[in-house]
Structure formats: structure tokens, C-alpha cells
Amino acid sequence: MPKTGTKAPPAASRKASPSKSDKTSKSDKKPAAPVTSPPSGGSANNGSGGTLDVVDGRTRKEYSIPVADCAIRATELKKIKTDNPDDTGLVSYDPAFLNTASCKSAITYIDGDKGILRYRGYPIEQLAENATFLEVAWLLRHGELPTQQEYEQFVHDITFHTYVHENFRKFLEGFRYDAHPMAMLNSSIAGLASFYPSARNIFDETERNISIVRLLAKTPTIAAFSYRHVKGLPFVYPDNRLSYVENFLSMIARMSESKYEANPVFARALEILFILHADHEQNCSANAVRAVGSSHVDPFSAVSAGVAALFGPLHGGANEQVLRMITEIGNVKNVPKFIEGVKTGTGGRLMGFGHRVYKSYDPRAKIVKRLADEVFKVVGVDKDLEIALELERIALSDDYFVSRKLYPNVDFYTGLIYRSMAFPTDFFTVLFAIGRMPGWLAQWEEMLLDREQKIARPRQIYIGPKERQYRSKLSAK
Ligand code: CMC
């Protein structure tokens, strides 16, 4: 049972105001056209305009492709083709989107080289230090910090939508005692679509508002119910007197007491972790939410795709894997051997290290490391912290990691904090999912209101057999 209790929490404030979302306007498109005269030489600029002038070596034709925001539109490449009538034009080939922007977004900014992360322009360090999670959730969606009135209404709305339909009890009870809580969360979030069929009216702002409130409010309840199911404990219903994080901790840990009192250090630590996880621009799960949402399915179905993506060990599931890795290492003296295994490829990856975007220290990891110190002051030093520190020390000085710019990411230390609060290892990614929910929802809505977006449908390069005649290999059917 998570040891998160001890002291009375401040009461959640409440009040109201409706939400608004801004529409993105259709941007200009200029076609790439073959040019007969030599190109003008792509006007000098800071990347916000001009052209990319290219010569197709196959045909010697020249093309002038507009550049905007340091980008060319991949559809412009389609116009570059040979005289072969079967040639449908060039495509860009970019497995795993290494260098492809799939959208314009105003939500989160990352500078991976400098280790900068900002939500709507606000540095993550300032938000983690001063903001509440629900304030950040509002900010991510609306682009501005809430006024007092907006905040109180938002907190009120979230607080009063924390209950789930009683049928959810039966639904969750159907899972086996050892079901992974991410599998339960994923299917439960998808299951919400069956309770709220009108959520399919995604272009009705009122419906979007209520769906977003429901997802933010009910995710902690479902997560806590999953936890209690696995533990064989009775479900604890939401307590509307408590703040978002304290209510979650109450649903997790409350036993016979009439009101759960969360330890303020744990409650604030969890709130900061939720803030740090709240969004991370076009990561695997946000991309999944956008891709699935682009079919105009309801938000519960779209967001469940995000939960599924997050489950993977290369994404949010890494926090669970870090702890399993540390447990496997077992002792600080085994760290050099483990690192050797990582480098030679015989021992798997160093989980919690490396990032597609950050090529310096993940700014979230810095905050998490400091937070770990505060939590360990309360619970005593985690025995595995020593192993983690030694892994980090060796990795940061070893050429294998240095040359590949592999630094600790947000997941390296979060597991240690969660474990020190006595959360079971397979529950760690659920905590990540609760934190990421506002980001998924903001990304989903931004995608929906972006008039440039269409159903996500990448191209492929077909490498299979040419046409052949069907001849069955079966002797009987
Ligand atoms: N341990 C050892 N080697 C690594 C690691 C690692 N954790 N990460 C990358 N590398 C190596 C990789 O083998 C490759 O080496 P080489 O050039 O010799 O082939 C090089 O670094 C580049 O790796 P990559 O796989 O091309 O990088 P990527 O951008 O596709 O992958 C990543 C990013 C996060 C999936 C990867 O670094 C990784 O698997 N890390 C461990 C899992 C992890 O901690 N995930 C959480 C990410 S942060 C939370 C979140 O936002 O999800």
C-alpha cells in the first residue's frame, strides 16, 4: 500500500467558466513548378521564407520549392517526376519520422540540444516549481494560464466528474488478479466511449469540453480502481473535498479512515511529476492520439491509443523497465559489468537513458533528481538509488554514451520516487499516463481544429512481389 498519507491536505478550490479553443487558419500553399531558367539561388533568409532550388539529376529539370518555417511541404516533392507515365512523383522516406513535421503546434516547445522544454512558452522549471497540475492542464489546452474564476470553475468541473459508472466495477472485476494496470487503463479509457456515445460529436464544443473534463477527472479514478483490483482491496470512491492529487492518493491508499490525509511531500512530489509529464510535443503517444483522432473517432478511443503507445518500454514503459533493470543489477559492484553488456549489445539498453529529441540532459530529469532527494529525506535513502547514481556516473563519462549524446531522461529517476512511495513497479506507467492526459487532449483538440489536418495516412514504398497468379498450395479446402 503506498505510504503516502499523514497530513491533512488543503481543500480544492472550485468555481466555473466555459472553455474556448482557438482555430488554426489554413495556411497558404505555393506549388513547386519546374523552372526553365537557372534558379535564383534560394533567397538568403533565416529559414522563414525563400525557396529550395533543386535540380533533378534524372531529368535535369529544375524546381523551386517554397520554404516556410524551415520546412518544405513533402507534397511539393510529388511534382518532381520523370517522363515515365507510371512515375507518380517523389515521396520523402522517413521511417519513424526522424525529420518530418506532421503538424504545426503551439502547445509545447523543445530545444533538444539546449535541454529546453516549455509549455505554451512557460519554462518547465517555473511550472514545476509554482503551478498546480490542473493549472497546467488548462494552460496546455487554452494557451493561457487560467484566471482565478476559470481555474475555480475548472477545478470544480474536474472534481465533480471523478465518479465512474457503477458498471465499471464489473468491468474491472473481469480482469485477472495479475492483469497489468496499463492494460486495464487502456481498455477502460476506450470503454468510456460506450458510456458517453454523444462524445462522438467532436465538432460540438460543448461535447468536447465535457469529454475533456471527463477524461481528466476519471483517469485517476480508473487508475486507482485498477490498483485496488490487483491488490484485492475494495474500491475507494472519490472524495470531493480533496485536491486532484490528494483525491487520487486517497483512492489508492485509504483504508478505514473517514478522510484520507496525504503526506504533503508525497502529494506535491506527485503533482510535480504529473506536471513534468503533462506534454512533450509529438512523441509516440501524442502522435498515436493525433493519428487515431484524425479519423474523427471520439476522444476516448483516440486517447486510449495514446495509453497503448505509452505502455511500450521505449516510451512511458521505460520507468518500469528502469526499476526492473536496477533490481536485476542488484548491487553497485555489478554496474560496470552491466554497462559493458549495454555497450557490446549483449545486455540490452540502458533504460531511462537516451532520447530522440534531447541531445543533452533532459530538463525534466534534472527536476526529478532534485525531487528524489526531497522524497528520500522523508522515506530514507532508497537502496537502489546508489545503483542508479553509479549507472549515471559511469554512463556520463563513458565514450559510448557521450559520443551518442545519451543522457538520463525523465524516466531514469521517476521509478525510484514512485517505488519509495511504495507504488508497485507495474503501476509506474499508469502514473505517467495520468500526467500525460492533458497533453494528449490538447494535442487531440489542436489537431481537430487545424484545418490543414486530414486523416493520417502515410505513404509507403512497396517492396513486395510483382503481380503473380494464384495457385493454391492446399491439397484440401
Ligand atoms: N542504451 C544504450 N544505447 C542506446 C540507448 C540506450 N538507452 N539509446 C540509444 N542508444 C544507442 C543506439 O543503440 C544507437 O547506437 P548506434 O548508433 O551505435 O546504433 C544510438 O544510441 C541511437 O539510438 P536510436 O535507437 O537510433 O535513438 P532513437 O532516437 O531512435 O531512440 C529512445 C530514442 C528513447 C527510444 C532510445 O534512446 C531508448 O531506447 N532509450 C531507452 C528507453 C527509454 O528510456 N525510453 C524513455 C524515453 S523518455 C520518456 C518518453 O518520452 O517516452
field: Listing of helices (runs of 4 or more DSSP H) fully contained in the range 163-281 that carry 1 or more residues being closer than 30 Å to residue 449 by Cβ and aliphatic (A, V, I, L, M)
entry: 181-195, 205-231, 244-253, 264-277
Leading residue by the ranking (nearest to residue 352 (Cα to Cα)) among those in the range 412-447 that are of a type in the set (Gly, Ala, Ser) and modelled with pLDDT under 95: 415
query: Considering only residues of the range 397-422 that are in a helix (DSSP H, G or I) and touching a strand residue (DSSP E or B) at 6+ places or on another chain (Cβ under 8 Å), which is nearest to residue 338 (Cα to Cα)?
result: 401
field: Every residue from the range 135-147 that is surrounded by 21 or more Cβ atoms within 10 Å (Cβ to Cβ) and among the charged types (D, E, K, R)
entry: 141
task: Kindly indicate the residue of the range 407-429 that is of a type outside the set (D, E, K, R) and within 11 Å of the ligand (Cβ to nearest atom) and also farthest from the chain's Cα centre (by Cα) among those meeting that condition.
output: 407
query: Yes or no: residue 441 of a type in the set (A, V, I, L, M), over 16 Å from residue 277 (Cβ atoms) and under 28 Å from the mean Cα position of the chain (by Cα)?
result: no
- prompt: Of these, 352, 306, which one is under 11 Å from the mean Cα position of the chain (by Cα) and either within 12 Å of the ligand (Cβ to nearest atom) or modelled with pLDDT under 95 (or both)?
  reply: 306
Residue in the range 385-406 that is nearest to the ligand (Cβ to nearest atom), counting only those that are among the charged types (D, E, K, R) and over 18 Å from residue 366 (Cα atoms): 404
field: the range 230-284, residues that are free of Cβ contacts under 8 Å to residues at least 24 places away in the same chain and within 30 Å of residue 105 (Cβ to Cβ)
entry: 268
message: Could you check the range 251-278 and list, in sequence order, the residues that are of a type in the set (A, V, I, L, M) and buried (at least 22 other Cβ atoms within 10 Å of the Cβ)?
response: 251, 252, 253, 262, 267, 269, 270, 272, 273, 275, 276, 278
- request: May I ask you to list the residues in the range 230-249 that are under 23 Å from residue 179 (Cβ atoms) and of a type outside the set (A, V, I, L, M, F, W, C)?
  value: 231, 232, 234, 237, 238
Hits in the range 369-419 - residues which are of a type in the set (Ser, Thr, Tyr) and in contact with a helix residue (DSSP H, G or I) (Cβ under 6 Å, 6 or more places away or on another chain): 400, 413, 414, 418
field: Set 322, 297, 342: member being β-branched (Val, Ile, Thr), touching a Leu at 6+ places or on another chain (Cβ under 6 Å) and either within 12 Å of the ligand (Cβ to nearest atom) or modelled with pLDDT of 95 or more (or both)
entry: 342
statement: From the option list 446, 452, 467, single residue qualifying as assigned to a helix (DSSP H, G or I) and out of contact with any helix residue (DSSP H, G or I) (no Cβ under 7 Å at 6 or more places or on another chain) is 446
- line: Pairing a residue in the range 398-411 that is aliphatic (A, V, I, L, M) with any residue that is within 10 Å of the ligand (Cβ to nearest atom) and assigned to a loop (DSSP other than H, G, I, E, B), where Cβ atoms lie under 8 Å and the two sit 6 or more apart in sequence or on different chains, gives 406/350; 406/354; 410/362
Number of the condition not met by residue 14 [criteria: (1) basic (Lys, Arg); (2) at pLDDT below 55; (3) in contact with a strand residue (DSSP E or B) (Cβ under 6 Å, 6 or more places away or on another chain); (4) buried (at least 16 other Cβ atoms within 10 Å of the Cβ)]: (3)
- prompt: Does residue 101 satisfy the criteria of being under 28 Å from residue 140 (Cβ atoms), at pLDDT below 95 and part of a loop (DSSP other than H, G, I, E, B)?
  reply: no
- prompt: Identify, please: which residue in the range 112-134 is in contact with a Lys or Arg (Cβ under 9 Å, 6 or more places away or on another chain) and closer than 27 Å to residue 73 by Cβ and is, among those, surrounded by the fewest Cβ atoms within 10 Å (Cβ to Cβ)?
  reply: 113
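This table checks each residue for (1) away from the ligand (no atom under 16 Å from the Cβ); (2) under 24 Å from the mean Cα position of the chain (by Cα); (3) hydrophobic (A, V, I, L, M, F, W, C); (4) exposed (fewer than 14 other Cβ atoms within 10 Å of the Cβ).
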{"residue": "364", "(1), (2), (3), (4)": "no, yes, no, no"}
{"residue": "378", "(1), (2), (3), (4)": "yes, no, yes, no"}
{"residue": "431", "(1), (2), (3), (4)": "no, yes, yes, no"}
{"residue": "453", "(1), (2), (3), (4)": "yes, yes, no, no"}
task: Give just the number: which of (1) more than 25 Å from the chain's Cα centre (by Cα); (2) at pLDDT 95 or above; (3) of a type outside the set (A, V, I, L, M, F, W, C) does residue 244 not satisfy?
output: (1)
message: Given the criterion surrounded by 16 or more Cβ atoms within 10 Å (Cβ to Cβ) and away from the ligand (no atom under 11 Å from the Cβ), identify the matching residue among 333, 369.
response: 369
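The values are calculated or read from the model by the stated rules, or taken from the named source; none is laboratory data. This structure is a prediction, so every number in the text was calculated from the model and none was measured. Quick reminder, even Gly has a Cβ in these numbers, built from the backbone with ideal geometry, and neighbours come from all protein chains shown.
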